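Derivation of every value follows stated rules applied to the coordinates shown; laboratory data play no part. None of these values were measured; they are calculated from a predicted model.
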């Protein structure tokens, strides 16, 4: 994630599977050209509201993640 934030406009695919994430930083919204985001097999319970503002996001994969509603 840190590497992606160095040049956020260049990132179109981000694979964060198996990273033991417990939270997603709000800065994910800076990846304005992101089309595909994979968060499978992490310890996330929520996603930041900025996810909903990502206009170019085509796929969001989060298998085996127990999000709270």
Q: Measure out, as a whole number of angstrom, how far apart the alpha-carbon centroids of the range 1-25 and the range 55-69 sit.
A: 14
Q. Which whole-number percent of Cα pairs in the chain have a distance greater than 15 Å?
A. 49
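For residue 20 and residue 3 in the same chain, what is the full-extension length gain: residue separation times 0.36 nm, less their Cα-Cα distance, in nm?
Taking residue 20 through residue 3 to full extension adds about 4.4 nm, to one decimal.
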